[in-house]
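Written below as structure tokens is the structure these notes are about.
The values are calculated or read from the model by the stated rules, or taken from the named source; none is laboratory data. Just so it is clear, the structure is predicted and the values come from calculations on it, not from any experiment. No Cβ is skipped: glycine too gets one built from the backbone with ideal geometry, and neighbour counts run over all protein chains shown.
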Amino acid sequence: MSSHSAIRRAAFRRKIDERRGLLVPGAFNALSARIIADAGFEALYLTGAGVTNMSFGLPDLAFIGLQDIAEHTARVRDAVDLPLIVDADTGFGNALNVRHAVRTLERAGADAIQIEDQVLPKKCGHFAGKAVISTSEMIGKLHAAVDAREDSNLLIVGRTDACAGYGIEAAIERGHRFVEAGADVLFIEATESLADIQRLPALFDTPQLINVVIGGKTPTLPRDELGRLGYGIVLYANAALQGAVHGMQQALAVLRDRGRLDEDPSLVASFSERQRLVDKALFDRLEQQYKAGEE
């Protein structure tokens, strides 16, 4: 573990503990992470749904594994220095698999790792038909996650999807048990009632994450209001993904219908902007720096 990583993680923990609604977008690859950083956000989230949708063209139904998410984590970490929350789904198996996943993802560059209590294979938190494992099994997974981390400031995000099948009170009870098991951040997924959104932060001393899915089940409140309520993180896991899909559809429709596509800023980023985002100038300088001298 580098001292730089330790400092970043400690600062990230302090920021979340302030419970002021830190706004965190989701990335689905390294370039989307760079765009998030370039836009001035203070942290990002590597979304399993986004990786599944954008890299595999599949729905969020547990088609990706640890190696997939570890590779994306390493690529994102190489691209940006922002605090990085990594979606590890169910931990890809039992408590022993969770232990291995946390060790792997911490080495790959995660600053926080999210583990959920769905039955494997899991589903998107805003799909119907979800099922959850027993509370005791999930507590074992959280214990394994906490024990596996090398840096105590690596955050373990405990997510429950119990609200859908058992109701909000069951989800709240699980939340308390998750905190007792060592979860640093609590994530009660797919809360459907505005009243529940408003009351949840006061029920826990541990900071909470609220996931705002555009078109999903959770009512949308402004970030400032969610911060005043006391949420630690306001997550828009797939805003970048949905924006990218819409942008591609618009640009390609023009190309299809007109037979050409010019550098129209309302449709496409410019060539120079694309090179700026991938830091082409840096590699030009490095090429000159390492260029062999004349013989």
For this session: Report whether or not Thr52 is in a helix (DSSP H, G or I), hydroxyl-bearing (Ser, Thr, Tyr) and closer than 22 Å to Ser5 by Cβ.
Result: no
Problem set entry | Residue count, segment 78-99 (criterion: part of a helix (DSSP H, G or I) and either touching a residue at least 40 places away in the same chain (Cβ under 8 Å) or closer than 21 Å to Pro25 by Cα (or both)) | 6
For this session: Report whether or not Phe127 is among the aromatic types (Phe, Trp, Tyr), at pLDDT below 95 and out of contact with any Phe, Trp or Tyr (no Cβ under 8 Å at 6 or more places or on another chain).
Result: yes
Exercise. Within segment 38-52, how many residues turn out to be touching a residue at least 40 places away in the same chain (Cβ under 8 Å) and more than 14 Å from the chain's Cα centre (by Cα)?
Worked result: 1
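Across segment 100-113, what is the number of residues that are free of Cβ contacts under 8 Å to residues at least 24 places away in the same chain and among the hydrophobic types (A, V, I, L, M, F, W, C)? Even if it seems obvious, please write down each step before you answer.
The initial filter retains those residues of segment 100-113 that are free of Cβ contacts under 8 Å to residues at least 24 places away in the same chain, namely 107.
Restricting the remaining residues to those that are among the hydrophobic types (A, V, I, L, M, F, W, C) gives none.
Adding up the residues that qualify gives 0.
Determine if segment 66-77 includes at least one residue that is assigned to a helix (DSSP H, G or I), touching a Ser or Thr at 6+ places or on another chain (Cβ under 7 Å), modelled with pLDDT of 95 or more and over 26 Å from Pro222 (Cα atoms).
If we filter segment 66-77 for residues that are assigned to a helix (DSSP H, G or I), which is where we start, we get 66-77.
Next cut, touching a Ser or Thr at 6+ places or on another chain (Cβ under 7 Å) only: 66, 70.
Then drop every residue that is not modelled with pLDDT of 95 or more, which leaves 66, 70.
If we keep only those that are over 26 Å from Pro222 (Cα atoms) as well, we get 66, 70.
Yes, segment 66-77 contains a residue that is assigned to a helix (DSSP H, G or I), touching a Ser or Thr at 6+ places or on another chain (Cβ under 7 Å), modelled with pLDDT of 95 or more and over 26 Å from Pro222 (Cα atoms).
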Exercise. Which of the residues that make up segment 174-214 are at positive phi and touching a residue at least 60 places away in the same chain (Cβ under 8 Å)?
Worked result: Ala190
For this session: Could you check Ala195 against (1) among the small types (Gly, Ala, Ser); (2) in a helix (DSSP H, G or I); (3) buried (at least 18 other Cβ atoms within 10 Å of the Cβ) and say which number it fails?
Result: (3)
Exercise. Does Ala101 count as buried (at least 19 other Cβ atoms within 10 Å of the Cβ), more than 30 Å from Gly165 (Cα to Cα) and at pLDDT 95 or above?
Worked result: no
Problem set entry | Filter result for Lys130 (buried (at least 17 other Cβ atoms within 10 Å of the Cβ), among the basic types (Lys, Arg), in a loop (DSSP other than H, G, I, E, B) and touching a Ser or Thr at 6+ places or on another chain (Cβ under 9 Å)) | no
Exercise. Of (1) modelled with pLDDT under 95; (2) in contact with a helix residue (DSSP H, G or I) (Cβ under 8 Å, 6 or more places away or on another chain), Leu267 satisfies all except one. Which?
Worked result: (1)
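Select, from Lys141, Lys122, the only residue that is touching a strand residue (DSSP E or B) at 6+ places or on another chain (Cβ under 7 Å), over 19 Å from Ser3 (Cα atoms), surrounded by fewer than 23 Cβ atoms within 10 Å (Cβ to Cβ) and among the basic types (Lys, Arg). Before you say what the answer is, go through the steps one by one.
On the way: Lys141 fails: surrounded by fewer than 23 Cβ atoms within 10 Å (Cβ to Cβ).
Of the residues listed, the single one that is touching a strand residue (DSSP E or B) at 6+ places or on another chain (Cβ under 7 Å), over 19 Å from Ser3 (Cα atoms), surrounded by fewer than 23 Cβ atoms within 10 Å (Cβ to Cβ) and among the basic types (Lys, Arg) is Lys122.
I'd like the full set of residues that are among the small types (Gly, Ala, Ser) and either outside any helix (DSSP H, G or I) or under 23 Å from the mean Cα position of the chain (by Cα) (or both), limited to segment 141-182.
Within segment 141-182, the first condition is being among the small types (Gly, Ala, Ser), and the residues that meet it are 144-145, 148, 152, 158, 162, 164-165, 167, 170-171, 175, 181-182.
Those that are among the small types (Gly, Ala, Ser) and either outside any helix (DSSP H, G or I) or under 23 Å from the mean Cα position of the chain (by Cα) (or both): Ala144, Ala145, Ala148, Ser152, Gly158, Ala162, Ala164, Gly167, Ala171, Gly175, Ala181, Gly182.
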